[in-house]
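Notes to accompany the following structure.
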Amino acid sequence: MIMSENLIIKGESKRELYENLLPQIKSLVEGETDVIANMANISACLKDTFNFWWVGFYRVVGDELVLGPFQGPLACTRIRKGKGVCGTAWQEAKTIIVPDVDAFPGHIACSSLSRSEIVVPVIKNGSVVAVLDVDSEKLATFDETDKFYLEKLVDC
Ligand code: SME
């Protein structure tokens, strides 16, 4: 069997886990030009490392976000600009941390088990081309550490 890629999960803290994950993702994506393939592997690496409930991408296609590669339960396929956490992160071109999804007006509940969320825009040449969405089945999972590293990650 040929194993060309092995993810090494190492670290005691969230910060250490991200510190070890980021260079691996960087080397994984830098040799591959296909965006979908890279989004697929990034989703898998995040799921494996943190066991997030749902992690994946929505791509900007015309005037909507369309579901891209993800890991987790099935999700809604299309989100309009300004709608939900994803559509808001797209519109504002900034990361949104939602500690309690029930307290976010207009949150789109793809899964009733999702309790908190972070959405990070993927910006290329000044425009949002996609968003990275991570959901947790626990409240207040995401903080400035996730924002810092996930923003670095989508910039890889
Ligand atoms: N909750 C998101 C929708 C996507 S799913 O969580 C996978 C939102 O409000 O935009």
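Below, the figures for the structure above:
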| quantity | calculated |
| --- | --- |
| Pair list, Cβ < 8 Å and 6+ apart or interchain, from the range 49-67 residues that are closer than 25 Å to Glu12 by Cβ and away from the ligand (no atom under 12 Å from the Cβ) to residues that are open to solvent by less than 20 Å² (accessible area, probe 1.4 Å) and not basic (Lys, Arg) | Thr49/Leu21 |
| Sole exception among (1) open to solvent by less than 50 Å² (accessible area, probe 1.4 Å); (2) modelled with pLDDT of 95 or more for Glu137, by number | (1) |
| Any chance Gly87 is part of a helix (DSSP H, G or I), under 17 Å from the mean Cα position of the chain (by Cα), within 11 Å of the ligand (Cβ to nearest atom) and not charged (D, E, K, R) | yes |
| Selection count, the range 98-123, where residues are out of contact with any Asp or Glu (no Cβ under 7 Å at 6 or more places or on another chain) and open to solvent by 50 Å² or more (accessible area, probe 1.4 Å) | 11 |
| Unmet requirement for Ile9, which otherwise passes all of (1) of a type in the set (A, V, I, L, M); (2) under 18 Å from Ser136 (Cα atoms); (3) part of a loop (DSSP other than H, G, I, E, B) | (2) |
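The values are calculated or read from the model by the stated rules, or taken from the named source; none is laboratory data. This is a predicted model, so every value here is computed, not measured. Note that we place each Cβ from the backbone using ideal geometry, even for glycine, and neighbour counts take in every protein chain shown. Note: accessible area is taken over every heavy atom of the protein model, side chains too, but ligands, DNA and RNA are not part of it. Shrake-Rupley method; radii C 1.70, N 1.55, O 1.52, S 1.80 Å.
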